[in-house]
Every structure is written in structure tokens, then in C-alpha cells.
Amino acid sequence: MRIFLLSHDRARRGTTVARALSERGIVPDGYVFEAYRPPNLRRRVEGRLANGGIPVLAPPTPRVPGASLAPAPSGPAVPTAAEHAKTQGIAVTHVPDLTSDGSLAAIRALKADIFVHAGAGILRAPLLAIPRLGTMNAHMGILPRYRGMNVAEWSRLEGRQTGCTVHLLDPGIDTGDILATRDIDTSECRSIAALREKMDAAQLSFLAEILAEIVRTGDLPPRQPQRHEDGRQYFTMHDDLKRVLERRLS
């Protein structure tokens, strides 16, 4: 089973994914690093518009008293994916992007069975068609209900069950076939930071568990296709709503 992590050399997500896999005895055959490009102004503006708008353009909203947005707790620094690959002796394939013909040819030559999304950018259909079994992703919400951004926060704000999903990627946003879902008890989380920390650890552990089973059996578990109408697309939660959630959690 040839497994490759899709990332870029500065991404720390590649390291956290690789560490979760190593706890299940899985060492990837390599990283595929696309060249890191800082987002230009246009891409930043487009990204903010796509995820709830730009505050300076939005109408003013009243602040919610009695709650503040606490910063995430600082822990030990996570090395970049490039640093992790070097210290662990994991092979790296460098490509300028994940879309050009030359890059795709180099990636096809790896003869991958599975890709794991681990900090790369948006993945297009030609790349997703390369691995024999598909490209896996961990999602911090229960699909198909919770697609998109801040889904752990949205599920708690709406008073619904929190959980995570391991699924295959397709060209849509969190619309690929579901491999498994798991409910996660977050009732003890007293802040958004604690909520996200627990959910992130849970989703990576779940991803590693499902991948270990795929390695053991040589095949994917039964796939559950998603219907578009079964889910909702969530966007970045506004700071005022985060304050409401912080107050409820605390």
C-alpha cells in the first residue's frame, strides 16, 4: 500500500497528520510538496468574501457583552513538514503546483494507492484521479450535515452532536464519499480553543484508524455517497457569534 501525504514544505499540518499515522504504525512512502506561494491581496479578498465577507464592508453589529475570544493555548512548536520529513527520513517529491501537466506526470510516477490531504491547497479532479483508491481527508464535523468552515463551532452553537468524518475528496467542498463518521463528546470543553483542540486530535486519530484498516484489508471500507441536498455549507463564524458560543461553553 503506497501512501503519500499532500502538503507543502512550510505546512505544519503535514507533521501532525504524519504523527497521527505513526501512532498506528503507518509510515508514509513520501510527501508531495507543492511550492509555497503566499496569498496575494486578490486571493485574500476573494477568500474572505467566500467565507462570510470582509468586516470593513459588513454592516456594524452590536457586540455581545460578557464573552471574549480567548486565544488558542500555546503548546510545543510543531516542526514544518519539511523538517519532519528530514528528521524521519521520509522521501519528498517537490512539484511547482498540483495542476500542471509536468507536476501531474511526476505525481503519477509515484504509483500511489492513497493520497492523504495534509496541508495542501485546493485539489482538482485530475490530481484526485491519480491514486488507485482515492484521496482521504479528515473533517471536523459530521457529514453530510456539516460541510465547510468552523463546523465544530457551528454544531455546538446549534446544539447538535459534534463529531468527525473520514471521507474521500472530490472536486466539491466536503462532498466526497463518506468512509466513516464518529460522534465526539465535547461536553467538557469550556472554550472554542479547547473544542477545536479536542476535535482536531479526534479527527486525526480517526483518520489514522481508518487508514490502518485499509492497509490491513487492502481495500476501502464501504463508501457512502453524499447527496447534495442532505447537507449544508457553513462559512467562517462571525466573531460576535463566536462570543456567544464562548459564553455558552464557559
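Please treat every number below as a calculation from the coordinates, not as lab data. The model shown is predicted, which means the values in this text are computed figures rather than measured ones. Positions of Cβ are generated from backbone atoms using ideal geometry, with glycine treated the same way; all protein chains shown enter the neighbour counts.
Axis angle, to the nearest 10 degrees, between helix 13-22 and the longest C-alpha principal axis of the chain: 60 degrees. For the stretch 74-136 versus the stretch 198-250, the inter-centroid distance based on Cα atoms is 21 Å.
Within the chain, the longest segment free of exposed loop sites, counting chymotrypsin sites (Phe, Trp or Tyr not before Pro) that fall outside DSSP classes H, G, I, E and B and have at most 15 other Cβ atoms within 10 Å, spans 37-234. What aspartates and glutamates does K111 reach when the alpha-carbon gap must be under 17 Å and sequence neighbours fewer than 8 apart in one chain are set aside? Hits, sequence-local ones excluded: D29, D101, D219.
Bridge orientation summary for the chain: considering DSSP beta bridges with both residues in this region, about 35 percent are antiparallel. Report, in degrees rounded to the nearest 10, the 0 to 90 angle that the Cα long axis of helix 192-217 makes with the longest principal axis of the chain. So the inclination is approximately 30 degrees. Structure remark: mean-square fluctuation, Gaussian network model of the chain, C-alpha springs under 10 Å; the largest value among A35, A105, A201 belongs to A105.
In percent, rounded to a whole number, the relative contact order of the chain is 24, using alpha-carbon pairs under 8 Å and six or more apart. Just to confirm a number: summing +1 for Lys and Arg and -1 for Asp and Glu over residues other than F4 whose beta-carbon lies under 11 angstrom from that of F4, what do you get? My count for the surroundings of F4 gives 0.
With K and R counted +1 and D and E -1, the other residues having a Cβ less than 14 Å from that of N137 yield a net charge of -1.
Under a GNM of the chain (C-alpha, springs under 10 Å), which listed residue has the highest mean-square fluctuation: L128, L220, L21? Top of the fluctuation ranking is L220. Straight-line reach from K242: which aspartates and glutamates have a Cα under 19 Å away, not including same-chain ones fewer than 8 places off? The reachable aspartates and glutamates, counting only those whose Cα sits under 19 Å from K242, are E153, E158, E188, E197, D200. For the chain, the longest principal axis of the C-alpha atoms and the axis of helix 41-50 are separated by about 70°. Ordering 160-166, 83-89 by mean Cβ neighbour count within 10 Å, with the highest value first, yields 160-166, 83-89.
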